[in-house]
Amino acid sequence: MLLVEQLRRAAEADGAKPAFRCGGVDLRYRELVDRADRLAAALRDRGVGPGDRVGILQGKSLENPVAVFGILAAGAAYVPLDPAAPVARLASIVADCGIANVVTEPARASKAAKLAANAGGLVLHGIEADDAEGQAAVTAVSWDEVASHEPLGADSPSVGQDAPAYVIFTSGSTGTPKGIVHTHRSGSAYATMAAELYGLTTDDRLSNFPPLHFDQSTFDLFSATLVGATTVIIDGEHQLVPASLARLIEDERLTIWYSVPLALIQLLLYGVLDERDHSSLRWVVYGGEPFPLKHLESLMAHWPRARFSNCYGPAETNQCTYHHLGPGPAAVRRLDGGVPIGVACPDVELVVVDADDRPVVDGDDGQLLVSGPTTMRGYWGRPDLDDRCFVDVTVDRDVTADRHGDADRDGDGVGRGTVRRYYRTGDLVRRRTDGLLEFLGRADRQVKRRGLRIELDEVEAVLADHEAVEEVAVAAIPAPPEPPAGVGAPAPAPAAGPNPDGGDLTIAAWVSTRPGAFVDADGLRRHAATRLTRPAIPTAISFVDRFPRTTTGKIDYPALTATRSRATA
Amino acid sequence: MSHTDQILEFVVDELLLDPDDEQLTLDDELLAAERIDSLGLMRLIAFLGDEFDVTVPYDEILIENFRNVRTIGDYLAGKLSPGAS
């Protein structure tokens, strides 16, 4: 089903029900459809139609679902633009996708206008021209003007299931972001699967925590509107202030929480949970990175009635495995090591392969390949990447049982000797004797910081572009949380990740400069800030005369990171 | 310099994510407009501790206290007034 059709059905079933809430304000299903259809009409007036892409440059607000469903109702695909990313990076996405229209908001007017100037002109919807004071002349379509359009409604253009619905850009290893294209088919397959997996009903009240440019945001946007539930959008203030967020969860009686572990760890450490009644929570779903066990166990003790679900899946495939825990912290104490990523989601096929793409036997390490209806169509305009990330594998029933002892459950005839197209996750896993998959690490140099993917190769490529740089190496090093001096209060934001203490990662760079050229660490960081999102900008930069080398002449990364550890110990 | 002005100066000099944002006023939203991030908020709390010798317990780190420089100044004044715990 088309994603906007899901919304229309929910509105027909109960139009007065709040679809979204933010800051205590309701956006009812009927209002959302009406506003989205008026935006679709305004976009159509500007020439937007099936096959087009429209940007969204917004913080967390009730305007998010209006923008998303309005763009979809116009037959176009939406492209979320990270409001915290440098203008040059956003401009490259806008150019790559041929975006001519962006839906924004007054608080982002200045950035939107800079982007428009950089991109050689854009139509900005959702602001007045005056909002972008001090910027060059902008073409603006205010919400009042949008609202004056007749809703598109039944005139909404029809697009196919395989038309793009959204394009999410992520770190690309060559220095250019790459766009993950999801279609109405893959988006609604994910929504249907998530609704089924967590038993969503109209009575549920979901959190919407991740920003739109983070793939996790589609979980609640599309699965909640599929079943006619209510989603509470967590605004920027509540994201920053854990004690206020804890109060919001209580006041809004949330039943489903979904975020990266970091947000939950901050709630646990600084949210003063003892003073709150969070008994409404029935599912706490997390993903994006591992949850340090000591924090997971504490949180499960605070929320003894909630079941927890570790979900795994790159943005390219949506969620493709899950492992449910609890209720109660005893489940964590029984774990041997970390939380497994578990078993395949319904209708998802998994296979673990060796370096030659041959399936390995259970118990052996290998790369995880994923096939199923929630997988992306491909990368935007990058057939070269598609060729590398999709692979046809001859599957053997014995090694592709999608669930333990549950071979060919769907009766689709996939059996011995069948060729199937898989997406390479780049993640190393192992299938244990109990049939559960364990996540072991990356096959490449991608790291996660605060749930966001960072390709260290991209950081290197950007730094290497600086005219003074001769050679560069970048690594991610676990950084223990350090409390700020002089307070009996919180340590800085901890981040879950490879650091078992839940500490943050330091992105460290080593740089050699060209003879006669000069740049200092601040200069390099300023250069990086024009191209990279903030979490990817190296915080530790060391200048070296020469790099330690392996016997094959490659940069010896372990030797480099060891020098850093000694220097900071 | 008043306490509120000291806080404003610290926020502008040290915490703002957008270096072009130097025209910050007492009433400009800090959190809602994402002018500072979570690390900035923690540094601000550390600053209140260092500069004014107050401890900020977790349950007072609330949006209403840290919304803008004026509310932070009011919160600090409350902490420093005689009889405050």
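The values are calculated or read from the model by the stated rules, or taken from the named source; none is laboratory data. The shown structure was predicted, so the numbers you read here are calculated from the model rather than taken from an experiment. Here Cβ is always computed from backbone atoms with ideal geometry, including for glycine, and neighbour counts include all displayed protein chains. Each accessible area value is taken on the protein alone, full model and side chains, heavy atoms only, with ligands, DNA and RNA left out. Shrake-Rupley method; radii C 1.70, N 1.55, O 1.52, S 1.80 Å.
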Qualifying residue in segment A:28-40 (condition: more than 17 Å from residue A:150 (Cβ to Cβ) and part of a loop (DSSP other than H, G, I, E, B))
no
Which of the residues that make up segment A:434-446 are modelled with pLDDT of 90 or more and open to solvent by 20 Å² or more (accessible area, probe 1.4 Å)?
A:434, A:436, A:438, A:439, A:440
Scanning segment A:1-13 for residues that are within 17 Å of residue A:223 (Cβ to Cβ) and either open to solvent by 40 Å² or more (accessible area, probe 1.4 Å) or not in a helix (DSSP H, G or I) (or both) gives A:1, A:2, A:5, A:9, A:13
Need at least 2 residues that are away from chain B (no Cβ under 14 Å) per element, so show me which helices (runs of 4 or more DSSP H) inside segment A:159-242 make the cut, counting only ones lying wholly within it.
A:184-197, A:217-227
Only one of these conditions is not met by residue B:47: (1) without any contact (Cβ under 8 Å) to a residue 40 or more places away in the chain; (2) within 12 Å of chain A (Cβ to nearest Cβ); (3) not acidic (Asp, Glu). Which number is it?
(1)
Complete set of residues in segment B:30-44 that are facing chain A (nearest Cβ under 8 Å), under 13 Å from the mean Cα position of the chain (by Cα) and of a type in the set (D, E, K, R)
B:37, B:43
Residue list for segment A:413-430, restricted to those being open to solvent by 20 Å² or more (accessible area, probe 1.4 Å) and at pLDDT 50 or above:
A:416, A:417, A:418, A:419, A:420, A:421, A:424, A:428, A:430
Counting residues that are within 14 Å of chain B (Cβ to nearest Cβ) and crowded, with 19+ Cβ neighbours inside 10 Å, which strands (runs of 3 or more DSSP E) fully inside segment A:265-334 reach at least 3?
none
Pull up segment A:125-158, narrow it to residues that are farther than 19 Å from residue A:66 by Cα and among the aliphatic types (A, V, I, L, M), then point me to the one that is least open to solvent (accessible area, probe 1.4 Å).
A:132
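Results for (1) closer than 21 Å to residue A:109 by Cβ; (2) touching a helix residue (DSSP H, G or I) at 6+ places or on another chain (Cβ under 7 Å); (3) among the aliphatic types (A, V, I, L, M), shown as yes or no for each residue.
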| position | (1), (2), (3) |
| --- | --- |
| B:13 | no, no, no |
| B:27 | yes, yes, no |
| B:31 | yes, yes, yes |
| B:39 | no, no, yes |
| B:52 | no, yes, no |
| B:56 | no, yes, yes |
Going through A:377, A:382 one at a time, which residue ends up being under 30 Å from residue A:94 (Cβ atoms) and in contact with a Pro (Cβ under 9 Å, 6 or more places away or on another chain)?
A:377
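To keep it simple, each residue is scored yes or no on (1) within 14 Å of chain B (Cβ to nearest Cβ); (2) at pLDDT 90 or above.
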| residue | (1), (2) |
| --- | --- |
| A:482 | yes, no |
| A:489 | yes, no |
| A:495 | yes, no |
| A:508 | no, yes |
| A:526 | yes, yes |
| A:545 | no, no |
Since residue B:11 meets every condition but one in (1) open to solvent by 40 Å² or more (accessible area, probe 1.4 Å); (2) more than 11 Å from chain A (Cβ to nearest Cβ); (3) hydrophobic (A, V, I, L, M, F, W, C), which condition does it not meet?
(1)
